[in-house]
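Each reported figure results from applying straightforward, stated rules to the coordinates on display, with no laboratory input. None of these values were measured; they are calculated from a predicted model. Because the Cβ atoms are built from the backbone with ideal geometry, glycine has one as well, and the counts that use them run over all protein chains shown.
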Amino acid sequence: MTGRPVLTMFAAVAMAPAAAAAPTLTGGALTPQEWSREAAATARWTQSGMDQAVSPAVTVEVNAAADGTATGAWLTVHADPQPFTSGARSATFPTAQLEGRHFTRVAVRDMSGLVATLPLGTLQVDRTAPTVTAGAARHAPAGSTLAWTEEDAASGVDPDRPAAVEVNSSPAGDAAGAWIPAATPGAGGAGGERSVTVPASLVSPGVHLVRVRSADRAGNETVAGIGVAYSDQTPPTVTDVRVVEAPTAASQSVEVTFRAVDAAPGAGIAAGAAALLTDPSGAAVYWEGSLDEGAEHRVRAHLPGPRDYRLVVRVTDAAGNTGAGAPVDVSSPAPAPGTVTTAAAGTAPSGAASPARRGGAGTPVAHFTVTGGTPVLTGPGRVPARRVLFGRTVTVAGVVRSGAGRLLAATRVQVRDAGGPLGDTATDRHGRFRITVAPVAGGPLRIVIRRRSGEPRAARIVGRNRVVVRPRVRITVSTRRATAGGRPVVVAGRLLPAPRDLPGSPSKRVVLEWRDPLRGEWRPVVDGQASAGGRFRFTWRFGAGGFAVPLRVRVPEELGWPLEPVATPSVTVRVDR
């Protein structure tokens, strides 16, 4: 009885079939193996043991993740029509829907699921041409230095194929001429930044378009303009320099007019040309700005103090050539003894008749209006005012009467804002005056009347006339392409007027801000201070990457700071991982 079950079990084992061999995959290969913009790719592999599988299926699969990992979904790009066949196999499949780096494999499945896989490599597809963004330009008589940024999200700019820079031979700043190869740029800087210097001797006198050919590793090419180069070594001619308003004991302001002409082809003198009012050596700068349109230009400067000055006007054309006019001598007298005072502005409408106050027959009355700038309403009482950009002018015009109502002719009229005197003039025989001034601190504009002896006396001002001054803020960014944890981005700039130009403002708070994409609002990054000369500098290193960050600098409202709060236009920095 005990032996029969043993014999039966032995027979069952002897009749069981041998275990089936699992399919195997070897020799995987993928072409092309480098970055490509081809419409198809080819996979090769060897498979064996397929006849032992139960209903096998062989597929070529590409991972949807574009960073070369297997973290995305698997996309089937080819199904082998003869899965039972062992031996060398190949498959060609389209890549039209792919971009970036995609992990690729061969997979074998049977009725029980995934049986075997074989990595083929990383498929690298890039059909997007690089992006070229023109950057800053520096122009000098010997040549023009142009900067640009090359970016490519997929394969990256080809390091073995330097960007080709070409200059058009047409001197009119268009593409009508032939494209001439220029110097090859040096190695790219951080964030794909490159620059090239185009010598003026390469082309004929004039303005010449410059373009760059940039290629990525897959062979995609972009041709983009990056600016203009000047071939111009003739400085502007500055003539007719004269002082139209000299400093007085009450005002250190001087106004100078001149003409600037650039006869050389190319740069020329246009709106925005740089101009300076300096001493003969150029070391002391009393005014710095750009010229407006027009044949005759005017600059107004506030001299540092009472003494004799020799002033020189310098104008720089777009090609970097600087011309200087003949020096003019100006004497700034010392202030007269005593303190100049003004009364608070009244509330009667500008130009309205105002009877003399009781006991105030000797107090002059000034009616005046202000034109220029942009009309605005300010303050809790909605006071009418004029908004001007620092350096721009407004015109003050009005009439001065004695307390008894008599027109005051040949009377010195001084215009002041919250920062002090802006300029002075004299009334005509009808008691009228008109003067153009450049507000510095803004606030209520006031009139100071001077006696014929030169002593000041208070004037009762009729009218509500205010000026709001918007400061100028200029910024530069060291790079438009940063790397997380890499070199810091430097945002530097200058604030005008400088704090030292305003009473009681030795420095000024400025804030570096970034735009939060989630909240859709500007948020502070770093608090800083503009120096007495108005210069500031922020350094910021990004800890995370993979996004673009709009940055700006804001000049906030602050106790003791009389100017309007402003913010600069934003500058976007792309931060890579």
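For Ala532 and Val244, calculate 0.36 nm times their separation in residues minus their Cα-Cα distance, and state this gained length in nm to one decimal.
Separation in residues times 0.36 nm, less the Cα-Cα distance, equals 100.7 nm.
7 Å from Cα along Cα→Cβ at both Ala409 and Asp516: what's the point-to-point distance in nm?
So the two model labels end up 6.8 nm from each other.
Students often check this: by mean Cβ neighbours within 10 Å, which of 535-545, 479-489, 141-151 ranks highest, and how do the rest follow?
141-151, 479-489, 535-545
Calculate, for Asp174 and Gln233, the FRET efficiency according to 1/(1 + (r/R0)^6) with r their C-beta to C-beta distance and R0 30 Å; round to the nearest 0.05.
So the FRET efficiency works out to roughly 0.85.
Measuring from label point to label point, each 7 Å out along Cα→Cβ, what is the Thr92 to Asp428 span in nm?
Label-label distance for Thr92 and Asp428, simple model: 9.1 nm.
Based on the Cβ-Cβ distance of Arg523 and Ala326, what FRET efficiency does E = 1/(1 + (r/R0)^6) give at R0 = 35 Å, to the nearest 0.05?
Between Arg523 and Ala326 the formula returns 0.10.
Using 0.36 nm times the number of residues separating Ser290 and Ala22, minus their current alpha carbon distance, what extension gain do you get?
88.4 nm
I'd like to compare 299-305, 312-318: which one has the highest average count of other Cβ atoms within 10 Å, and what's the full order after that?
Output ranking for 299-305, 312-318: 312-318, 299-305.
On a full-extension model of 0.36 nm per residue, what is the gain between Ala66 and Arg554, subtracting their alpha-carbon distance, rounded to one decimal in nm?
171.8 nm
Taking 7 Å along the Cα-to-C-beta vector as the label spot, tell me the Glu166-Leu377 distance in nanometres, rounded to one decimal.
Distance between the two pseudo-spin positions: 5.8 nm.
Roughly speaking, what is the centre-to-centre gap between segment 130-183 and segment 72-122 when only Cα atoms are used, to the nearest Å?
44 Å
For Ser48 and Ala79, what does the FRET efficiency come to when R0 = 30 Å and r is the distance between their Cβ atoms, rounded to the nearest 0.05?
The value I calculate is 0.95.
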